[in-house]
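Undergrad: One structure follows; several queries about it will come next.
What follows draws every value from the coordinates through simple rules; no lab data is involved. Just so we're clear, the structure is a prediction, and the values are computed from it rather than from any experiment. Note that each Cβ is placed from the backbone with ideal geometry, even for glycine, and that neighbours are counted across all protein chains shown.
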Ligand SMILES: CC(C)(COP(=O)(O)OP(=O)(O)OC[C@H]1O[C@@H](n2cnc3c(N)ncnc32)[C@H](O)[C@@H]1OP(=O)(O)O)[C@@H](O)C(=O)NCCC(=O)NCCS
């Protein structure tokens, strides 16, 4: 992989690994994609039931699913690193990603790609594949920027990234990134709960003011 920007230029994106308890939010995120985006993400015009089936079949034990949350705990971006089932091409994995339109151009797609590559490398994977439509300039740019080789075959393109061998450093980096993201998520959960509490208090106060006004009338 080729590093492109220096660390100071790169936006800090807390990317966390998602588990079973995020399945509902992953579905919500994917269902929010427009028809065109679903076509780019899945390679066909996935309908709601097909997305529901895809989410239902996500295997959180085998694969890695990564996400970027905002302060309201909405999933802005989701990436799926599909790792091989036992016995199937043990050194290959496939990457897929989606970012909500309002959060595009902030580097989330590229950061998720890097995070997935790091995780794949640490899992002993040598090649990461990306299947994209040839018109998908953003996805192909992400792959090329990271050093992937792209084979174009008419309307479809296959990109593959050769991953470096895992080292002690890559394992530590992944662990630290995950811890930072988990911490960031917990803060967001607490902030959301606190804001909910404040809104409740505000409602009670408004109710109290309305009652005292009624009593005074
Ligand atoms: C593809 C997608 C994930 C990109 O997400 P993103 O967060 O906007 O991407 P980034 O901000 O990381 O941008 C990555 C690169 O693509 C470039 N880019 C972004 N949109 C572009 C566009 N429409 N055309 C050309 N290049 C584009 C950026 O400039 C950046 O390159 P740079 O770092 O050299 O400047 C997003 O557009 C998306 O969700 N599309 C629908 C689903 C999809 O296509 N998934 C991929 C198939 S698996």
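Undergrad: Pull out the extension gain between residue 188 and residue 57, defined as 0.36 nm times the separation in residues minus the alpha carbon to alpha carbon distance; nm, one decimal.
TA: In short, 44.4 nm is gained.
Undergrad: What whole-number volume per residue, in cubic angstrom, does the convex hull of the C-alpha atoms of the chain give? Mind showing how you got there, number by number?
TA: Details: hull volume 34.8 nm³, N = 217.
Roughly 160 Å³ of hull volume per residue.
Undergrad: Moving on. For Cα pairs less than 8 Å apart in space and 6+ apart in sequence, what is the mean separation divided by the residue count of the chain, i.e. the relative contact order in percent?
TA: Relative contact order comes out at 20 percent.
Undergrad: Whole percent per 10 Å bin, from 0 to the bin with the longest distance: what is P(r) over all C-alpha pairs of the range 11-97?
TA: 16, 48, 32, 5, 0
Undergrad: Give me the tail of P(r) for the range 79-168 as a percent: Cα-Cα pairs with distance above 20 Å.
TA: Numbers: 1343 of 4005 pairs.
Roughly 34 percent, once rounded to a whole number.
Undergrad: To continue, here is another question. Using alpha carbons only, how many degrees (0 to 90, rounded to 10) separate the axis of helix 168-216 from the longest principal axis of the chain?
TA: Result, in degrees: 20.
Undergrad: Let me ask something else about it. Å³ per residue of the Cα convex hull, for the range 118-217? Write out the running numbers ahead of the final one.
TA: Details: hull volume 15.1 nm³, N = 100.
For the range 118-217, the hull spanned by Cα atoms encloses 151 Å³ per residue.
Undergrad: 222 nm [θ] for the chain, helices only, -39500 (n - 2.57) per DSSP H run of 4+, per residue, to 500? Intermediate values should be presented prior to the final figure.
TA: Numbers: 6 runs with 99 residues, N = 217.
The helix-only estimate for the chain comes to -15000 deg cm²/dmol at 222 nm.
Undergrad: Please give, to one decimal in nm, the separation of the simple spin-label points placed at residue 172 and residue 202, each 7 Å out from Cα toward the Cβ.
TA: The answer from the label model is 4.5 nm.
Undergrad: Can you tell me the relative contact order of the range 54-98? Whole percent, Cα pairs under 8 Å, sequence separation 6 or more.
TA: Numbers: 58 pairs, mean separation 13.8, N = 45.
Computed over the range 54-98, the figure is 31 percent.
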